[in-house]
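The values are calculated or read from the model by the stated rules, or taken from the named source; none is laboratory data. These numbers were taken from a predicted model, which means no experiment stands behind them. Don't worry about glycine lacking a Cβ; one is built from the backbone with ideal geometry, like all the others, and counts go over all protein chains shown.
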Amino acid sequence: MLITHNHGDHASGVPALRAEWPRVVVRRWVPDGSAGDRGLTDGEWLTAGARRLQVLHTPGHAPDHVCFWDDQAGDLYAGDMVVQGSTVMIPAGRGGNLRQYLASLERLAALRPARILPGHGPVIDDPLALIAQYISHRRQREEQVLACLAEGVSDPDAIVARIYVGLADAVRPAARQTVMAHLEKLREEGRLT
């Protein structure tokens, strides 16, 4: 069993599957191993049925996020790196890192995949266009955050109110996490003190 990352919606079923099939081998990004799992390493090649998959460590959405690359078919099993019709949450303060996420997107684009099979939603048949759209969206959002900061607006909730006009209350916490991820990226780059 290959796990893209340890968020509950991707890995919470492991104990139940282990209970049903005690000999199942679980592979995920845990280099030192835990709970009987075998860790994955970046660049490692795995056999999955008749296919050969390469492990790609793609942190950003989660520090332990990996994708699996089928170079023969041009298919990328991408977990939570991209999803059609939405953006991916970068949970600042809970392991998310926007700078790493953008670098991971660039790494995936360099593969020039024919298709992306995401962890949620339909197969993505034009992956390079979607990845470019994701990167462009994050750059635009960063410009909005920088504009707020230049105007003296630095409180994350105040930034959310300014750049996410008309946002439903239910998704406001996700928007705050996104703003926090942008602020952390700017700090890491030395562009914000």
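Would you call ARG112 farther than 22 Å from GLN177 by Cα, charged (D, E, K, R) and surrounded by 21 or more Cβ atoms within 10 Å (Cβ to Cβ)? Reasoning before the result, please.
Numbers: farther than 22 Å from GLN177 by Cα: yes; charged (D, E, K, R): yes; surrounded by 21 or more Cβ atoms within 10 Å (Cβ to Cβ): no.
The answer is no for ARG112.
Residues in segment 177-193 that are loosely packed, with under 13 Cβ neighbours inside 10 Å and of a type in the set (S, T, N, Q): THR193 alone.
Restricting attention to segment 99-106, does a residue exist that is among the basic types (Lys, Arg), closer than 16 Å to TYR134 by Cα, touching a residue at least 12 places away in the same chain (Cβ under 8 Å) and not in a loop (DSSP other than H, G, I, E, B)? It would help to see each step written out before you state the result.
Applying the first criterion (among the basic types (Lys, Arg)) to segment 99-106 yields 99.
Those still in the list that are closer than 16 Å to TYR134 by Cα too: 99.
Next cut, touching a residue at least 12 places away in the same chain (Cβ under 8 Å) only: 99.
Filter once more, keeping what is not in a loop (DSSP other than H, G, I, E, B): 99.
Checking segment 99-106: at least one residue is among the basic types (Lys, Arg), closer than 16 Å to TYR134 by Cα, touching a residue at least 12 places away in the same chain (Cβ under 8 Å) and not in a loop (DSSP other than H, G, I, E, B).
Among the residues of segment 134-159, those that are of a type in the set (Val, Ile, Thr) and either over 22 Å from GLY85 (Cβ atoms) or assigned to a loop (DSSP other than H, G, I, E, B) (or both) comprise VAL145, VAL153, ILE159. Of all residue pairs spaced 6 or more apart or on separate chains, those with beta-carbon atoms under 8 Å, a first member in segment 145-174 that is at pLDDT 95 or above and a second member that is β-branched (Val, Ile, Thr) and assigned to a loop (DSSP other than H, G, I, E, B) are ILE159/VAL153; ARG162/VAL153.
There is at least one residue in segment 88-106 that is surrounded by 16 or more Cβ atoms within 10 Å (Cβ to Cβ), at pLDDT below 95 and of a type in the set (Val, Ile, Thr). Taking segment 65-103, which residues are under 24 Å from ARG176 (Cα atoms), in contact with a strand residue (DSSP E or B) (Cβ under 8 Å, 6 or more places away or on another chain) and of a type in the set (S, T, N, Q)? If the condition is that a residue be under 24 Å from ARG176 (Cα atoms), in contact with a strand residue (DSSP E or B) (Cβ under 8 Å, 6 or more places away or on another chain) and of a type in the set (S, T, N, Q), then GLN84 is the only one that fits.
ALA73 passes every criterion in (1) in a loop (DSSP other than H, G, I, E, B); (2) modelled with pLDDT of 95 or more; (3) surrounded by 15 or more Cβ atoms within 10 Å (Cβ to Cβ) apart from (3). Which residues, counting only those in segment 47-64, are touching a strand residue (DSSP E or B) at 6+ places or on another chain (Cβ under 6 Å), crowded, with 19+ Cβ neighbours inside 10 Å and either modelled with pLDDT under 95 or in a loop (DSSP other than H, G, I, E, B) (or both)? The one that is touching a strand residue (DSSP E or B) at 6+ places or on another chain (Cβ under 6 Å), crowded, with 19+ Cβ neighbours inside 10 Å and either modelled with pLDDT under 95 or in a loop (DSSP other than H, G, I, E, B) (or both): THR58. Of the residues making up segment 120-133, just one is touching a helix residue (DSSP H, G or I) at 6+ places or on another chain (Cβ under 6 Å) and within 16 Å of TYR101 (Cβ to Cβ), namely ILE131.
Residues in segment 112-158 that are aliphatic (A, V, I, L, M) and touching a strand residue (DSSP E or B) at 6+ places or on another chain (Cβ under 6 Å) were compared, and the one that is nearest to LEU186 (Cα to Cα) is LEU130. With respect to VAL82, determine if the residue is among the β-branched types (Val, Ile, Thr), under 14 Å from the mean Cα position of the chain (by Cα) and closer than 19 Å to ALA132 by Cα. For VAL82, the condition - among the β-branched types (Val, Ile, Thr), under 14 Å from the mean Cα position of the chain (by Cα) and closer than 19 Å to ALA132 by Cα - is met.
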